[in-house]
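> Structure in structure tokens, see below.
A short reminder: the numbers here are calculations on the coordinates, not readings from a lab. The structure presented is a predicted model; accordingly, all values stated were derived computationally and were not measured. Please note: Cβ atoms are built from the backbone with ideal geometry, for glycine as well, and neighbour counts cover all protein chains shown.
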Amino acid sequence: MQAIYDVPAPAKLNLFLHIVGQRDDGYHLLQSVFTLIDWADTLHLEIRRDGQITREDLAWELPPDDLSTRAARALQQASGCALGVHIGVLKSVPAQAGMGGGSSDAASVLLALNRLWNLRLPLATLVKIGLRLGADVPFFLGGRNAWVEGIGEKITPIFVPQASLLVVKPDQGLDTRLIFADAGLKRDSETAIISGFAANAYGFGRNDLQPVAQRLCPGIDRAIAWLNSQGLNARMTGSGSAVFAKVLHAPDLHNVPPGLQVRQCRSLEVHPLAGWADSEGLSVGSF
């Protein structure tokens, strides 16, 4: 095998996000449900025999050392593989949106290179590598919608009813660090339980980051106002700036205000690369 083309890296939405405390080291303790959606980046990977790791941007320009190249380098170092790779990245998922685009790219690179380099590493090993790259990477490696706790490392697969979702991303992005550093952030939500979420999957809870994010990024207000004007209940995903709403029928997209990117998506039951690595010995919640 010399190359793997058209590797998908789907985005995620946080159906809710509660901050339930803060550790002594400053990390925030959260509860959330992550659901995969069919808005995805596409990756192309070709073997390099010289051991070099290179990247080609097929849509917009990415930072020099993005998560896809960092993932390839981390796997190369962890495995001792002498091969390299050239990665083509066709970005579609917007950055600074709270949709996990970079983390998803990293996970898909780990799964694809595990095959391309014929490493045959188990999923548990890839998860350990992924966690060092970012808290969301293990979720994408796990391949299932999940109940997420701790600082993002406690992941329990969960059933999420499939739905059609309207996702709106304002032009402005948002730096996660600014939200978590804000004195006005609510950090004391009561602990939720899975059965409470299951009774109302798309209406459960709230996003505790949203009030601070709206103050820092006016575009979020515009996105929420437009979704509300369509009779939809809007909520921010992750640390923003994208917002979303469940839709029951085809929305009218003819009068979208300038400065908003709108896309109708479907939730996914499983990641399209689920099963690409052996998950034997990986226990639920062990990520």
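> Roughly how compact is region 64-172, stated as its Cα Rg over 2.2 N^0.38 Å to two decimals? The partial results should precede the final answer.
Details: Rg = 14.9 Å, N = 109, 2.2 N^0.38 = 13.1 Å.
Here the answer is 1.14, to two decimals.
> Then there is this: Spelling out what I want: for every residue of region 210-220, take phi, set θ = phi - 60°, compute 6.51 cos²θ - 1.76 cosθ + 1.60 (Karplus), and round to whole Hz; glycine and proline get x.
After applying 6.51 cos²θ - 1.76 cosθ + 1.60, I find 4, x, 5, 4, 5, 5, 7, 9, x, x, 5 Hz.
> Have a look at R73, R23, R222 and tell me which one the Gaussian network model of the chain (Cα, springs below 10 Å) gives the largest fluctuation.
With Cα springs under 10 Å in the chain, the top fluctuation among R73, R23, R222 is at R23.
> Once Lys and Arg get +1 and Asp and Glu get -1 on their Cβ, which of Y5, I155, G102 lies farthest toward the positive end of the dipole of region 3-157?
I155
> In deg cm²/dmol, rounded to 500, what helix-only [θ] at 222 nm does the chain give when every DSSP H run of at least 4 residues adds -39500 (n - 2.57) and the total is split over its residues? Write down the numbers at each step before the final one.
On the way: 8 runs with 75 residues, N = 287.
That comes out to -7500 deg cm²/dmol.
> Counting Lys +1, Arg +1, Asp -1, Glu -1, what net charge surrounds A146 among other residues with beta carbon under 15 Å of its beta carbon?
Numbers: positive: K12, R144, K154; negative: D136, E149, E153, E269.
Local charge sum for A146: -1.
> When N is the residue count of region 30-74, what does its C-alpha Rg come to as a fraction of 2.2 N^0.38 Å?
Numbers: Rg = 14.2 Å, N = 45, 2.2 N^0.38 = 9.3 Å.
It is 1.52.
> Further question: How would R55, R235, R177 line up from fewest to most surrounding beta-carbon atoms within 10 angstrom?
On the way: R55 18, R235 22, R177 9.
In increasing order of surrounding Cβ atoms, one gets R177, R55, R235.
> Taking the number of other C-beta atoms within 10 Å as the exposure measure, put R263, R120 in order starting with the fewest. Present the calculation step by step, with values, prior to reporting the outcome.
Working: R263 19, R120 11.
Fewest-to-most ranking of R263, R120: R120, R263.
> May I have the convex hull volume per residue, in Å³, for the Cα set of region 217-279?
Details: hull volume 8.1 nm³, N = 63.
About 129 Å³ per residue, rounded to a whole number.
> Still on this structure: Expressed as a whole percent, how much of the Cα-Cα distance distribution for region 128-219 exceeds 18 Å?
Details: 2561 of 4186 pairs.
It works out to 61 percent of all Cα pairs.
> Can I ask one more? What does the charge count around Q162 come to, taking other residues whose C-beta lies under 10 Å from its C-beta (Lys +1, Arg +1, Asp -1, Glu -1)?
On the way: positive: R266; negative: E269.
Around Q162, the surrounding residues sum to 0.
> Can you figure out the FRET efficiency of Y5 with A250, using R₀ = 41 Å and their beta-carbon distance, to the nearest 0.05?
On the way: r = 32 Å, r/R0 = 0.78.
Once rounded, the FRET efficiency stands at 0.80.
> For labels at Q230 and V262 in the simple 7 Å Cα→Cβ model, what's the distance in nm?
Between Q230 and V262, the simple spin-label model gives 0.5 nm.
> Follow-up. How compact is the chain by the rule of thumb for globular proteins, expressed as Cα Rg over 2.2 N^0.38 Å? Before the final figure, lay out the partial values.
Numbers: Rg = 18.7 Å, N = 287, 2.2 N^0.38 = 18.9 Å.
Rg over 2.2 N^0.38 Å, computed on Cα atoms: 0.99.
> May I have the convex hull volume per residue, in Å³, for the Cα set of region 164-266? Write out the running numbers ahead of the final one.
Working: hull volume 10.8 nm³, N = 103.
Normalising the Cα hull of region 164-266 by residue number yields 105 Å³.
> Treat the count of other C-beta atoms within 10 Å as a stand-in for reagent exposure and order H18, H254 from fewest to most. Don't skip to the end; give the middle numbers.
Values: H18 22, H254 5.
Placing the least packed residue first, the sequence is H254, H18.
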